[in-house]
Amino acid sequence: MVQETRHQFREDLKELERQALGGLDIVIQQLDRAMESISYQDVELAGMVVADDDRIDGRYLEVHQGILSLLARQAPVATDLRIVAALLHTIRCVERMGDQCVNIAKLVPLSGYEAPKDKGILDAIERMGQLARSQVGQAKDAFATRNVELARDLVRQDAEINRLNREIFRSAVEVGDDVDVREWAMFMILVARCLERVGDNTVDIAEQTVFVVTGLFRELADASTPSGSPTPLNG
Amino acid sequence: MIPPETTSKESDAKMSTAEGRSEQTDATPDRAALGARQGKGHSVLVKDLHAYYGQVHAVKGIDINFSPGEVTAIIGPSGCGKSTMVRCINRMHEEIPGARSEGEVKLDTLDVYDAGVDITAVRRLIGMVFQKPNPFPTMSIFDNVAAGLRLTGSRGDNLRERVHKALRAVGLWGEVKNRLSSAGGGLSGGQQQRLCIARTIAVEPEVILMDEPCSALDPVATLKVEELIDELKQRYTIVIVTHNMQQAGRVADSTVFMLDGEVIEHAPTEKLFTTPDDERTERYVTGKFG
Amino acid sequence: MSTGASPLLPHVSGRRRRTDKIMRGLLAAATVIALIPLVLIIYYLLYKGLKAWSGSFFSTDPNGNFFGDPGGVRSAIFGTLEIVGLATLISIPIGIAVALYLTEYGKDHWFASVVRYFVDVMTGVPSIVFGLFIYIVLVVSHTGGSGFAGWKGALALALLMLPIVIRSAEVVLLLVPNSLREAALALGAPRWRVVWRVVLPTARPGLITGSLLAVARGMGETAPLLFTVSLAFGLTGNLNSQMNTLPVQIFTDITNPRNVIVTRAWGAALTLVALVLILNLVARLIARRSRMA
């Protein structure tokens, strides 16, 4: 018979996880808006994204404080300890992803006030945005349900983002002689870079999920690391 | 028969340098006074140990290997048999009326349960510190530390030196050097426990068993004893029973989790507290059951 | 008295107060009733006995002739001291040894329970029975070349004191915390050393007190001495002969028609009580000193 001891501690830990993962929801919102502002050159919307980053920063501080409090007062061990460590890592990823969204939004006014110039590149960018969005969602699900398979699958999807990133770069290089178009394309390269970073962060979260479940920290093999071999931290 | 223990040869040399040292180190355990470890240290191997209180089967077939020169903690819920098991190692368990044990406990290559073994010799080699400090009330501080030597009939004129050395080793020297002849019971709880530890190591055992040594002490005294344990492991193999998991975390190199008279898991402490293998260990250390 | 009673802290009812007072009164009355005989005894002893005390009372033997000075009780005092001394030498070591067996070695054995049972029985045996026992076994058979003899009286007293010593020693030994025995055993001491160097020294104050109380009891017993030592008047150190003792002296003198001799009996009684009192005080002092150490 398993008794329900340390009830308050369990509640606190669950709440902390809810808050950290809730940060991912905010990230999705920010990502959606950032992508929309890119597609329609909506400077106002971009400004909202930048302003709303405060919400993510606030969430980061809340979770960080909650973790410190839990460590100090409850001395978590074993799985609980791994969860706490993973949440600390995850909330940092959330914050970074938020920053990437802000970076994307800041590029909107710089890239001009007219409509986007190249349909091919724009399609690729939008596709990247959708992928990034779905990856964030999947990372959240994988962590919440402790699903190792789902976590590993993120690497596969991330490979697609990386491919799109390279494709956009090539397209931008070959985009033609029009100075305005070239300028716009360069900014799109930067946007693609930000999206690629978002993707990497979701892979980080996936790694944390695997760590919580197995106790092993392995860098999940992905297309951007040449070696792609696992580096166990303990084992 | 277990051969008699060799005495540390550097006691005299270390004595003169230690006594010439300044006062400020008198309160901390003196590593030099501990003496050198004899060889690689002694391992204790428990094999298929069973222990009974009358009909009650308290320890059900335990196998543990205690590595030499390490601190091994035994944790587990109340009544899981950890104290009983430890008391079987120095054969104190059979002092309880109606209690018996069977199995093997090997100190290096010698089985303490062998037919011809002298129990008092076993206990001289495997010392024990108890939960409640128990200095002898009718004896002075000096006599308390010397008690082990006198009670075991050890001859020798270096009694005084051995007593001083033991008191230094536990970091009690500075606090009691001016009142060695006052009663042993007049110290604080933490000091009494360190006095008992000095009494135990004065006999120069090879293994020290500790049965919840800090349970009766306040937090500061507890930390002092833990610091002492850290020093003692340079010289002795230590087994400590504790119900305080944080203490196991602080003090032990490896930890054994026991439940209902059996060993569930035995792993390096860090591993046991970050990624335990067994579900039951996980439940116990995270507090999912008492 | 404040009128600040609240539902949380109600005042004590008048009825409870009255009951309390009545109970206190009853207990005080019972105490007084119990003390009265004691006080009367002491008063009488002092009143009648002090008259007899004098220098010659303590320095001469009751050899006095029929009409003149009856003499003192010197031989009685010495006799009591000698006989009780011998009884102590016999009963205390044996008694403590038996108590050690009961607490240290024989804890589980059925034999220990049997011994304990018999010791309990012995504490209830009337002292005259011990006297009769020694009388039949040793006196009638003229063992040792004499009929009545001091050492036979000492034996009878020893038998009487033995269960008291055993009982009190057992209690004291059981009070020694087991953790001390464990500590000594864990250091690698053989059990006899544990007993000799740890248990006995720790129990010593209690053992001494218990023994002194047994001695005090032995000093006052008359019946065993009547049948084993009988009476003598002169001072003698020969334990193998009849001797004088205080209880027997009192017994003999108290029915004498001469007032002077009756007074002497009271004086002897007072002496006996004084001796017992001194022993008790010494026992208490030892107990207090050991508690403060």
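Let me confirm one metric for peptide B:82-91, namely the mean number of other chain beta-carbon atoms within 10 Å of its residues' beta-carbons. Per-residue shielding by partner chains comes out at 1.
Summarising the label geometry, the points placed 7 Å from Cα in the beta-carbon direction at C:Tyr105 and C:Ser59 lie 5.1 nm from one another.
If every alpha-carbon in the range A:142-222 counts as one equal scatterer, what log10 I(q)/I(0) does Debye give at q = 0.19, 0.24 1/Å? Relative scattering, expressed as log10 I(q)/I(0), comes to -0.76, -1.01.
Charge tally for C:Pro62 (other residues, Cβ to Cβ under 9 Å; Lys, Arg +1; Asp, Glu -1): 0. Computed from Cα positions, the angle between helix B:141-151 and the longest principal axis of chain B comes to roughly 70 degrees.
Mean per-residue shielding of peptide B:276-287 is 4, counting Cβ atoms of other chains within 10 Å of each Cβ. The fraction of all Cα pairs in the range C:218-293 landing in successive 5 Å bins from 0 to the largest distance is 3, 14, 18, 19, 16, 10, 8, 5, 4, 1, 0, given as whole percents.
For chain C, the square roots a ≥ b ≥ c of the C-alpha gyration tensor eigenvalues yield an a/c of 1.5 or more together with a/b not exceeding b/c, which makes the shape oblate. The lysines within cross-link reach of B:Lys132, meaning a Cα-to-Cα straight distance under 21 Å and a gap of 8 or more places when in the same chain, are B:Lys82, B:Lys224.
The long axis of helix B:219-232 is offset from the longest Cα principal axis of chain B by roughly 80 degrees. Arranged from fewest to most other beta-carbon atoms within 10 Å of their beta carbon, A:Asp204, A:Asp180 become A:Asp180, A:Asp204.
Using only Cα coordinates, the Kirkwood hydrodynamic radius of the range C:5-85 works out to 18.0 Å. Over chain A, what is the relative contact order in percent, taking alpha-carbon pairs closer than 8 angstrom and at least six residues apart? Computed over chain A, the figure is 23 percent. The mean count of C-beta atoms from other chains within 10 Å of the C-beta of residues in B:111-119, rounded to a whole number, is 1. Note on A:Trp184, C:Trp53, C:Trp192: ascending count of other Cβ atoms within 10 Å places them as C:Trp192, C:Trp53, A:Trp184, the fewest first. Computed over chain B, relative contact order equals 27 percent, with contacts defined as Cα pairs under 8 Å that lie 6+ residues apart. Could you name the lysines whose alpha carbon sits less than 19 Å from that of A:Lys106, not counting residues in the same chain fewer than 8 places away? Filter leaves A:Lys117. A Cα-only calculation for the protein assembly as shown places Rg and Dmax at 43.7, 161 Å. For C:Leu277, neighbours were defined as the other residues whose beta-carbon sits under 14 Å from its Cβ, and their charges (Lys and Arg +1, Asp and Glu -1) total +2. Counting Cα-Cα pairs of chain A in 5 Å increments starting at 0 gives whole-percent bin shares of 1, 7, 14, 16, 17, 14, 11, 8, 5, 3, 2, 1, 0, 0, 0. The alpha carbons of chain B occupy a box of 54, 43, 36 Å along the principal axes, longest dimension given first.
With contacts taken as Cα pairs under 8 Å at a separation of at least 6 residues, chain C carries a relative contact order of 26 percent.
At full extension, C:Met23 and C:Lys51 could sit 5.8 nm farther apart than now, given 0.36 nm per residue minus the alpha carbon distance. Using the Cα coordinates of the range A:26-112, the gyration tensor eigenvalues translate into equivalent-ellipsoid semi-axes of 34, 11, 8 Å, sorted from longest to shortest.
Where a number appears in this text, it was derived from the coordinates with a stated rule and is not lab data. Worth saying up front: this structure is predicted, and the values here are computed from it rather than measured. Cβ: placed from backbone, ideal geometry, glycine included. Neighbour counts: every protein chain shown.
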